[in-house]
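First the structure, in the form of structure tokens, and then the observations on it.
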Amino acid sequence: MPLFINRHRGRLIISLMFAAIMLPGLVQRAMARPIRIACVGDSITWGYTITHHRLALAWPGVLQKLVGKKYKSANFGHSGATLLKKGNLPYWTTPEFKEATRFDPNIVIIMLGTNDTKPQNWKKYGLQFTANAVALIRHFRHLRAHPKIYICTPPPVVRDNKLGIGNPWGINEKTLVAGVIPAIKRAARVTHVMVIHVHRLMLKRITHPLYTYFAHDGVHPDPAGQAVMGKIIYQAVFRR
């Protein structure tokens with residue numbers, strides 16, 4: 001019996017010594033893992049119309065440069081996506097929604113609503129936008145990492161008939177300002193999340209003609225416009 005006890009104690013001591021050697025390395029590796037940021041959105045987030053270095057020049061990539069290596073800013077934008085569950089292309093049904101969920105982010109930044117201004121979406125289902133936004137926020141809030149969540153107002157929609165600037169999809173500034181943005185603010189109040197006022201701050205900060213920061217459709221910010229959005233979001237999340 002004493003021999004068995006000694007052997008048992010010996011194994012225990014060896015195990016404790018091994019743990020003491022390995023634990024600092026495991027803790028260090030765990031601490032070295034970057035903080036995960038999920039950038040949830042539509043083609044504006046995806047970087048539509050950016051022909052070169054899209055991932056770096058779209059606002060999630062701009063954000064990555066600003067936050068540094070301690071963070072991982074991942075782009076989960078899907079072109080054409082609506083926040084509305086009954087919209088013509090609900091974000092809920094996209095591969096990016098599933099990928100963002102599996103990513104288990106520590107921070108979620110949502111920028112949806114531009115495609116919801118299309119007449120076929122807003123006229124039929126616009127009254128459901130606030131409830132759908134609340135549901136999306138709560139979906140991410142209940143993930144294992146229990147992320148901090150922010151919701152953005154989308155950038156302005158630019159139109160100029162003389163310059164030929166406009167879009168064929170029915171996306172419009174009037175519905176964005178009168179319908180989508182107030183609904184986003186209501187959802188934020190219900191869920192107690194912070195609104196990042198991308199729309200208002202872009203109008204405030206851009207001193208040149210607004211259309212010069214957008215692609216020719218007046219919907220998608222060009223690299224200069226994306227840089228403005230990335231800085232606005234960075235300052236709201238990390239420099240408050």
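The values are calculated or read from the model by the stated rules, or taken from the named source; none is laboratory data. Model, not experiment: these values are computed from the prediction. Neighbour counts run over all protein chains shown; Cβ positions are idealised from the backbone, glycine included.
Taken over segment 186-214, the criterion of being within 17 Å of the chain's Cα centre (by Cα) and surrounded by 20 or more Cβ atoms within 10 Å (Cβ to Cβ) is satisfied by A187, A188, V193, I196, V198, H199. The single condition among (1) out of contact with any Gly (no Cβ under 7 Å at 6 or more places or on another chain); (2) at positive phi that G218 does not satisfy is (1). Number of residues in segment 68-90 that are within 30 Å of Q120 (Cβ to Cβ), among the aliphatic types (A, V, I, L, M) and under 16 Å from the mean Cα position of the chain (by Cα): the value is 2.
Flag not set for T101, criterion: assigned by TED's automatic domain parsing to the domain that holds Y125, under 25 Å from N167 (Cβ atoms) and of a type outside the set (F, W, Y).
List the residue pairs whose Cβ atoms are under 9 Å apart, where the first residue sits in segment 61-75 and is touching a residue at least 12 places away in the same chain (Cβ under 8 Å), the second is among the acidic types (D, E) and crowded, with 16+ Cβ neighbours inside 10 Å, and the two are 6 or more positions apart or on different chains. Every condition considered, the pairs that remain are N75/E96.
Answer with yes or no whether P147 is closer than 21 Å to V40 by Cα, crowded, with 22+ Cβ neighbours inside 10 Å and touching a residue at least 40 places away in the same chain (Cβ under 8 Å). No: the conditions fail for P147. Just wondering, is there one or more residues in segment 26-38 that are assigned to a helix (DSSP H, G or I), buried (at least 22 other Cβ atoms within 10 Å of the Cβ) and at pLDDT 95 or above? Checked against the condition, which is being assigned to a helix (DSSP H, G or I), buried (at least 22 other Cβ atoms within 10 Å of the Cβ) and at pLDDT 95 or above, segment 26-38 yields no hits at all. Only one of the listed residues (R159, R138, R144, R102) is of a type outside the set (S, T, N, Q) and at pLDDT below 95. That residue is R159. Applying the condition of being surrounded by fewer than 22 Cβ atoms within 10 Å (Cβ to Cβ) and not in a helix (DSSP H, G or I) to segment 220-239 and asking which residue is modelled with the highest pLDDT yields D222. The residues on offer are V195, V134, and the sole one that is touching a helix residue (DSSP H, G or I) at 6+ places or on another chain (Cβ under 8 Å) and part of a strand (DSSP E or B) is V195. Residue under question is K162, and the condition is that it be outside any loop (DSSP other than H, G, I, E, B), more than 17 Å from Y91 (Cβ to Cβ) and either of a type in the set (D, E, K, R) or not assigned by TED's automatic domain parsing to the domain that holds G80 (or both); does it hold? In short, no. Of the listed requirements (1) under 21 Å from V62 (Cβ atoms); (2) part of a helix (DSSP H, G or I); (3) of a type in the set (D, E, K, R), D217 misses just one: (2).
Against the definition (of a type outside the set (S, T, Y), surrounded by fewer than 15 Cβ atoms within 10 Å (Cβ to Cβ) and in a loop (DSSP other than H, G, I, E, B)), how does R102 come out, yes or no? Answer is no for this residue. Consider segment 170-185 and keep the residues that are of a type in the set (D, E, K, R) and out of contact with any strand residue (DSSP E or B) (no Cβ under 8 Å at 6 or more places or on another chain). The one that is surrounded by the fewest Cβ atoms within 10 Å (Cβ to Cβ) is K174. Contact map, segment 198-213: residues that are in the same structural domain as K185 (by TED's automatic domain parsing) paired with residues that are among the small types (G, A, S), Cβ distance under 7 Å, separation 6+ or inter-chain. Pairs shown: Y211/G218; Y213/A224; Y213/G225. Could you tell me whether R239 is touching a residue at least 40 places away in the same chain (Cβ under 8 Å) and not acidic (D, E)? When the stated conditions are applied, R239 does not pass them.
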